[in-house]
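What follows draws every value from the coordinates through simple rules; no lab data is involved. This one's a predicted model, so the numbers in the text were calculated from it and none came from an experiment. Methodologically, a virtual Cβ is constructed for each residue, glycine included, from the backbone with ideal geometry; neighbour enumeration extends over all protein chains shown.
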Amino acid sequence: MVAILIAVFYFLFFGILFGMQSQKKLTGSKDFFTASNRLGWLAVMCSFTLAPLGGGHTTSLIEQQAAMGVSVLWWGILAGGVYVPVFLLWFGPWFKKLKVDTFPQALGKIFGPKIKIVNTSLAPAGWLGIAMSETLGISTVIYCLGGGKIPYSPHCVLLAGLLNIIYILLGGMLQASYMNLINAAVLILGGFLGVIYIGQWLPGGYADVSTYYASIGEAWRTNLFHFSPEVVFGVMIPVVLLHVFSVSSEHAMYQPMLAAKDEDSIRKGALLGGIINSLAAFPWVILGVTAMSIPSIASSTTGRLSVAELALHAMPQWLIGILMVALLCALLSTSSGMILAIAHVVTDDIIKPILGDKMNEASHMRLSRWMVVIAAAAACLPALKVTLMMALFFWCFSLSLPIFVCYFLGMIWKVNRRAAWINLILSLIVNFWWTFACPSWCPPIFRLSFYPVFAVSFGLGIILNLIMPGEKGMLRRLKENKYMLQGEVTL
Amino acid sequence: MAVVDIIVAAYLVGIIVVLGILSTIAYKKQVERGEITE
């Protein structure tokens, strides 16, 4: 129980401390969601780097390493090496140029206000599905921390929901950015502290792990460059497609951009952010592969619980606590980011436009906080009954994918409203078809819904924009407007 | 697909429908007030 006390104390202490500090600095209700252009590059980098770094980098890889070995690390390597730099160097600054407050508003600025209806109804449900999945991960960690003594449902699930709320309730985005600054350090240091300890604990160090796998004819498990079809089509291609074209439409990624002082503050963290994002995945895979090389652990557990079993088997309670805090840092940063994004979009893009002038500063702030609580509760509700939702997890990602493809093409190439509408509707139909009634002729490696959704969305986007007339891409128009304004100033 | 997945999917689809209705009302209200053009 020492481990769970360490974890709960850590998040309660820093949650309340940073919550009260950030609450004092809020100058208006708009600050709650955007921290209004006050974050420097380090805070922006930490907040953004931790936003997409959740169960995908940690618990999911712990599970997958049992089948694919250390080559699952390509998930973290490519997320940090491709997605983080691409977003911080281009996508983030593009969004900042549009001078909007939410991603649906950005889409509305390009394709007209009616298309916001699609984004504000589909995307938050997808983000909620991801928050649910992360909440399940948090509940499992709490369950393991308590050695199985705390009932999973409802106690662990409700505690997970409470931690989500504590992360952001008082200070919103500013509080999350403070939390993420310290959590980025704890995530890396805590994870690698566990790796160093186990290296010392193994009689022959990590050479024992390689020797064991070589002796049973499975040396590929410790080979990072084991590019099997499962690794290429199940890890490497999905991580790039999902991050660049789906995660990029999640409003949680843009909240740190809204909070950034300027475009330079966004770009500066591209390299370091990528390294942190990649490194965060390593400890969990190393510990998982090590656990499965110890016959007494491998025979009594699955890949999913391998790291927890190894920790309980070999580590002192204080180190289990630190390791689990590191894991919770990853999961909570993502789930609370999603919850804050849902609350922001529902408050500012749905309820605020309905109420109009009836909403003042105080009621906006009150509503914002209530929306955080409601979104956290909505993420907890299914978690009380479900313990795993992998198929739906990809369905949720695929809901956002066509939205970003339309946005991307509208930014860099051409704007045609009808093409965007056709694309969104057909891609949505394909997503439902592939998720709930996948055709029998589909090869197993393409059964995940984002493959056909990406192909249909990108293919349609290019074909429709080639054959239909449209306006210039948004970036070109922004550039021309800038030169026009500069010309007026010169005159 | 497991039954629990179908139930969670129905839950999320229900949320999509509710948000869709509210978003449509928000859009119409903004058009009425002249904040945006249809």
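Of A:ILE165, A:SER153, A:VAL195, whose Cα points farthest to the positive end of the dipole of region A:2-388 (charges on the beta-carbon: +1 Lys, Arg; -1 Asp, Glu; origin at the Cα centre)?
So the residue we want is A:ILE165.
Based on other C-beta atoms within 10 Å, arrange A:LYS414, A:LYS472 from fewest to most.
On the way: A:LYS414 20, A:LYS472 13.
In order of increasing Cβ crowding within 10 Å: A:LYS472, A:LYS414.
If the reach is capped at under 20 angstrom between alpha carbons, list the lysines near A:LYS414, excluding any in the same chain fewer than eight residues apart.
By straight Cα distance, A:LYS414 reaches A:LYS96, A:LYS97, A:LYS99, A:LYS109, A:LYS114, A:LYS116, A:LYS472, A:LYS479, A:LYS482.
How large is the charge dipole for region A:394-480, taken about the Cα centre, if only the Cβ atoms of Lys, Arg (+1) and Asp, Glu (-1) carry charge, to the nearest 20 debye?
Values: 8 positive and 2 negative charges, 55 e Å.
Charge dipole, region A:394-480, about its Cα centre: 260 debye, nearest 20.
Which trypsin sites (Lys or Arg not before Pro) does region A:102-168 hold that lie in a coil by DSSP with at most 16 other beta carbons within 10 Å?
Working: sites: A:LYS109, A:LYS114, A:LYS116, A:LYS149; in loops: A:LYS114, A:LYS149.
Of the trypsin sites (Lys or Arg not before Pro), the ones in loops of region A:102-168 whose Cβ has at most 16 other Cβ atoms within 10 Å are A:LYS114, A:LYS149.
Give me the extension gain from A:ARG418 to A:MET468: residue separation times 0.36 nm, minus the current Cα-Cα distance, reported in nm with one decimal. Could you put the intermediate results ahead of the total?
Working: separation 50, 0.36 × 50 = 18.00 nm, distance 0.88 nm.
Taking A:ARG418 through A:MET468 to full extension adds about 17.1 nm, to one decimal.
Between region A:415-445 and region A:118-188, how far is it from one alpha carbon centroid to the other, in angstrom?
Region A:415-445 and region A:118-188 have Cα centres separated by 30 Å.
Evaluate peptide A:211-217: per residue, the Cβ atoms of other protein chains within 10 Å of its Cβ; return the mean as an integer. Intermediate values should be presented prior to the final figure.
Details: counts 0, 0, 0, 0, 0, 0, 0.
For this peptide, the per-residue mean of nearby foreign Cβ atoms is 0.
What do you get for trypsin sites (Lys or Arg not before Pro) in region A:235-340 restricted to DSSP loop and a cutoff of at most 15 other Cβ within 10 Å of the site's Cβ? Please list the in-between numbers first.
Values: sites: A:LYS261, A:ARG267, A:LYS268, A:ARG304; in loops: A:LYS261, A:LYS268.
Passing both the DSSP loop test and the Cβ count: A:LYS261.
What percent does the relative contact order of region A:391-491 come to when contacts are Cα pairs within less than 8 Å and at least six residues apart? All intermediate terms of the calculation are to be shown ahead of the outcome.
Values: 101 pairs, mean separation 41.8, N = 101.
The value is 41 percent.
May I ask you to order A:272-279, A:137-144, B:24-31 by the average number of other C-beta atoms within 10 Å around their residues, highest value first?
Going by the mean number of other Cβ atoms within 10 Å, highest first, we get A:137-144, A:272-279, B:24-31.
Per q in 0.19, 0.25, 0.26, 0.27 Å⁻¹, report the Debye log10 I(q)/I(0) for region A:264-348, using one uniform scatterer on each alpha carbon and no solvent.
Relative scattering, expressed as log10 I(q)/I(0), comes to -0.94, -1.19, -1.22, -1.25.
Which translational diffusion coefficient, to the nearest whole µm²/s, is obtained for region A:42-99 from the Stokes-Einstein equation, given a Kirkwood hydrodynamic radius over C-alpha pairs, 37 °C and 0.692 mPa s? Let's see the in-between values first.
Values: Rh = 12.8 Å.
D, rounded to a whole number, is 257 µm²/s.
Go through A:HIS364, A:PRO256, A:LEU88 and say which Cα lies farthest out towards the positive end of the charge dipole of chain A; charges sit on Cβ, +1 for Lys and Arg, -1 for Asp and Glu.
Of A:HIS364, A:PRO256, A:LEU88, it is A:HIS364.
Please report the relative contact order for chain A, taking Cα pairs under 8 Å with a sequence separation of at least 6, and give it as a percent rounded to a whole number. Please list the in-between numbers first.
Details: 769 pairs, mean separation 150.6, N = 491.
The normalised contact order for chain A reaches 31 percent.
Across region A:60-74, in residue order, what do the Karplus-derived ³J(HN,Hα) couplings come to in whole Hz, using 6.51 cos²θ - 1.76 cosθ + 1.60 with θ = phi - 60° and x for Gly and Pro?
For region A:60-74, the Karplus-derived couplings read 5, 6, 4, 6, 6, 4, 4, 9, 10, x, 5, 5, 5, 4, 4 Hz, x marking Gly and Pro.
Choose one of A:VAL186, A:ILE266, A:TRP433: the residue whose Cα lies farthest towards the positive end of the charge dipole of the protein assembly as shown (beta-carbon charges +1 Lys, Arg; -1 Asp, Glu; about the Cα centre).
So the residue we want is A:ILE266.
Just to compare against my own numbers: the Cα pair-distance distribution for chain A, 10 Å bins, whole % per bin, please.
Using 10 Å bins, I get a P(r) of 4, 20, 30, 26, 14, 5, 1, 0 for chain A.
Using the Kirkwood radius over C-alpha pairs as Rh, can you work out the diffusion coefficient of region A:267-408 via Stokes-Einstein at 37 °C, viscosity 0.692 mPa s, in µm² per second?
Working: Rh = 19.1 Å.
The calculation lands on 172 µm²/s.
What list of ³J(HN,Hα) values in whole Hz, one per residue of region A:351-366 in order, does the Karplus curve 6.51 cos²θ - 1.76 cosθ + 1.60 (θ = phi - 60°) give from phi, with Gly and Pro shown as x?
Once rounded to whole Hz, the list reads 6, 4, x, 5, 7, x, 5, 5, 9, 9, 4, 5, 6, 5, 5, 5.
Output ³J(HN,Hα) for region A:438-445: one whole-Hz value per residue in order, computed from phi by the Karplus curve 6.51 cos²θ - 1.76 cosθ + 1.60 with θ = phi - 60°, and x for Gly and Pro.
4, x, 5, 7, 6, x, x, 6
Using the crude model of +1 on Lys and Arg Cβ and -1 on Asp and Glu Cβ, and no other charge, please compute the dipole size for chain A relative to its Cα centre, in debye to 20. Before the final figure, lay out the partial values.
Numbers: 30 positive and 19 negative charges, 266 e Å.
Using only the charged Cβ atoms, the result is roughly 1280 debye.
Under 12 Å from the Cβ of A:LEU26, count the other residues' Cβ atoms, weight Lys and Arg +1, Asp and Glu -1, and hand me the total. Please report the intermediate quantities before stating the final value.
Values: positive: A:LYS24, A:LYS25, A:LYS30, A:ARG38, A:ARG369; negative: A:ASP31, A:GLU361.
Net charge in that neighbourhood comes out at +3.
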